[in-house]
Amino acid sequence: MKIQFIGATHEVTGSCTLLQVNERYFLVDCGMEQGRDVFQNIELPIAANQIEAVFLTHAHIDHSGMLPKLYKDGFQGKIYATDVTCDLCNIMLRDSAHIQESEAKWRARRAERAGAEAPEAVYDMQDALGAISLFRPCNYGDIILVAEGVEIRFTDIGHLLGSACIEIWMREGNTHKKIVFSGDVGNTNQRIIRDPEQVEEADYLVIESTYGNRLHSTDRSNVIPELAEYIQKALDRGGNVVIPSFAVGRTQEMLFAIREIKQKGLVTGHDHFPVYVDSPLAAEATSIFMQCNPVCFDEETLSLIKQGINPIWFDDIRMTLTSEESKLINSNDEPKVIISASGMCEAGRIRHHLKHNLWKENNIILFVGYQAEGSLGRRLINGEKSVTLFGEDISVHAEICTLHGTSGHADRDGLFRWVEGYKTKPELIFVNHGDDDACEDFKTYLCDHGYRAEAPYSGTQYNLATGKMTVYTEGKTIERTRSYKVNSRADMIFGELVKEAERLLELVKTRRGRTNKDNARLTSQIRTLREKWKD
Ligand SMILES: [Zn+2]
Ligand SMILES: [Zn+2]
């Protein structure tokens, strides 16, 4: 009976943990690493086809995104998840495969130009469809026998529609132990979804620590009036509100808020202002939200449904699916709200909307989610005056705002409350899924409050029968390389320089037969330029 930590150790993304019970192997989450990678993860110590099953906490790509790769490597077991997580993964893994395929094409073109071998896509659509075929939808609250000596239960953790913490009962001979994986613990009072449910006992607990050393400052009840104010302000001055938003979860939360704003008339003088949802993934996710099992909804949402009100829909929503429709959004001057992905402005259609909207001072760019260090979103919030989009320098004149109180994660007190809610104190708590300092600080906070807690690095293994560490690994930091965005811009500028030099040589070659005086002058000018830039 063993646990080995693979990913999201001292990091927020790439969740993956290996369990071994009765010589069988199980994974909890199989996520993709996103954004800045700080610590090196070990490779899975066993072949993919030796894994019997994956237990998936929720659909976010940093928890589910490597399932198609696992399938590609030979995994043929079952993937257990709540039914809504299965539905969301069906669209998100296909979307992710699209991204992998187009990134591979882009890298292949680059490699070809450099005379190098083209790298393969991490996975493709066939792999995503293969992984999707292995999903087994489960209900919250059911105890499911997965294998001899292994039972699991999904409990609502209030982070994203369908999200769960996973309780796992393990038996090896006469040894019985229970381990709970928190998944991502939700914030209380989020729109649409329910608050995290309390689990009451565990021998071991694996808990996330995204906000393990921070407290959310703003009262979440202010979100709707604050959003209404931003919309009123932009529309009054004839501008747009552009909301970069993650397509699944946050976009639907925004639709819920705008539906209420419209219903209560919180924005005046702009009846039927249009709201564009410009992301095919967001459109699909919205329809999954609308069709999902009502047990996933909080009381407020359920009571709206009972009154015949669709909580995330209103007449003025315009879903744009094709890129032609998307381009038309900015072709008229009608003040509007545009919600588009990606949430951190690193990719996707939002970059087109920023190009068209950043330079006008009557517009508002409204951030509604976490912006990682170095992302375009963070740079705008930090007050960058000019940004490059599609090779064009765009000056920033629009008002850059942040809507507070929209985090999907519990803060330190929320996490601690959930730990304190256990009737029996876990013997040992493993802290993961947090940046280095958040993870360490939350571990220390737990220890200061009388818990035994550890923050293992990738590779570290424990025997769960005894609670003893069996493999210790140190955190291996990754050599900080410059991000590919920076490289690609630098490459672009350098490429331009080389091209210009080649054009100069072409020009020189055409000058045979011109006057000696002119040619001598050009020679002298080139020599001066060369001397000037010698080192
Ligand atoms: Zn998540
Ligand atoms: Zn997460």
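The numbers here are math on the coordinates, done by the rules we state, and not lab data. What you see is a predicted model, and the numbers here were worked out from it, not measured in a lab. So basically every Cβ, Gly included, is an ideal-geometry build from the backbone, and we count neighbours across all protein chains shown.
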> So how strong a dipole does the range 220-402 carry about its Cα centre when Lys and Arg Cβ are +1 and Asp and Glu Cβ are -1, to the nearest 20 debye?
Replying inline: 140 debye
> Roughly how many Å is it from the Cα centre of the range 116-185 to that of the range 317-380, as a whole number?
Replying inline: 34 Å
>> Please arrange 342, 323, 331, 163 by how many other C-beta atoms lie within 10 Å of their C-beta, fewest to most.
In response: 331, 323, 342, 163
> About its Cα centre, how strong a charge dipole does the chain have in debye, to the nearest 20, once Lys and Arg get +1 and Asp and Glu get -1 at the Cβ?
Replying inline: 2480 debye
> Antiparallel DSSP bridges in the chain: what percent, to the nearest 5?
Replying inline: 50 percent
> Rounded if a/c is under 1.5, else prolate if a/b beats b/c, else oblate: with a ≥ b ≥ c from the C-alpha gyration tensor eigenvalues square-rooted, which is the range 390-514?
Replying inline: oblate
>> Quick check: residue separation of residue 78 and residue 148 times 0.36 nm, minus the Cα distance between them. What number comes out in nm?
In response: 23.7 nm
> When we measure straight from the Cα of residue 306, which lysines land under 24 angstrom away, once same-chain ones fewer than 8 places off are left out?
Replying inline: 262, 264
> Can you list the residues of the range 184-199 with backbone N under 16 Å from a point 7 Å past the Cα of residue 413, pointing along Cα to Cβ?
Replying inline: 187-190
>> Once each part is reduced to its C-alpha centroid, what is the distance from the range 214-259 to the range 520-535 in angstrom?
In response: 57 Å
> What ³J(HN,Hα) values, in whole Hz, does the Karplus curve 6.51 cos²θ - 1.76 cosθ + 1.60 give for the range 187-194 when θ = phi - 60°, with x put for Gly and Pro?
Replying inline: 7, 6, 6, 6, 5, 6, 8, 7
> Could you give the angle, 0 to 90 degrees to the nearest 10, between helix 83-113's Cα long axis and the longest principal axis of the Cα atoms of the chain?
Replying inline: 30 degrees
>> If I model a spin label at residue 125 and residue 478 as a point 7 Å from the Cα along the Cα→Cβ vector, what separation in nanometres do I get?
In response: 2.8 nm
>> Defining a contact as two alpha carbons under 8 Å apart and six or more residues distant in sequence, what relative contact order in percent does the range 162-224 show?
In response: 28 percent
> Most exposed first by the Cβ proxy, i.e. fewest other Cβ within 10 Å, how do 2, 336 rank?
Replying inline: 2, 336
>> How high is the relative contact order of the range 1-114? Use alpha-carbon pairs under 8 Å, at least six apart in sequence, and give a whole percent.
In response: 21 percent
> Given 355/385; 69/468; 443/476; 178/468; 2/177; 423/443, which pairs have Cα atoms separated by over 22 Å?
Replying inline: 69/468
>> Once you order the gyration tensor axes a ≥ b ≥ c over the Cα atoms, which shape class does the chain get: rounded for a/c under 1.5, otherwise prolate or oblate by comparing a/b with b/c?
In response: oblate
>> So for the chain, averaging the separation of alpha carbon pairs under 8 Å that are six or more residues apart and normalising by length, what relative contact order in percent results?
In response: 17 percent
> Which of the aspartates and glutamates could be linked to residue 360 by a straight reach, that is with a Cα gap under 18 Å, when you skip same-chain ones fewer than 8 residues away?
Replying inline: 236, 333, 334, 384, 392, 393, 399
> Expressed as an acute angle from 0 to 90° and rounded to the nearest 10, what is the orientation of the C-alpha long axis of helix 516-532 relative to the principal long axis of the chain?
Replying inline: 30 degrees
> For the range 220-402, what class follows from the C-alpha gyration tensor (a ≥ b ≥ c being the square roots of its eigenvalues): rounded when a/c is under 1.5, otherwise prolate if a/b is larger than b/c, else oblate?
Replying inline: prolate
> Once amide H atoms are built 1.01 Å from N in the peptide plane, which residues 5 or more positions from residue 314, or in another chain, come under 5 Å H to H?
Replying inline: none
> For 122, 21, what's the fewest-to-most ordering of other Cβ within 10 Å of each Cβ?
Replying inline: 122, 21
>> At q = 0.15 Å⁻¹, what log₁₀ I(q)/I(0) does the range 1-130 have when each alpha carbon counts as one equal point scatterer in the Debye sum?
In response: -0.73
>> What is the angle, in °, between the Cα long axis of helix 484-509 and the longest principal axis of the Cα atoms in the chain? Nearest 10 is fine, range 0 to 90.
In response: 20 degrees
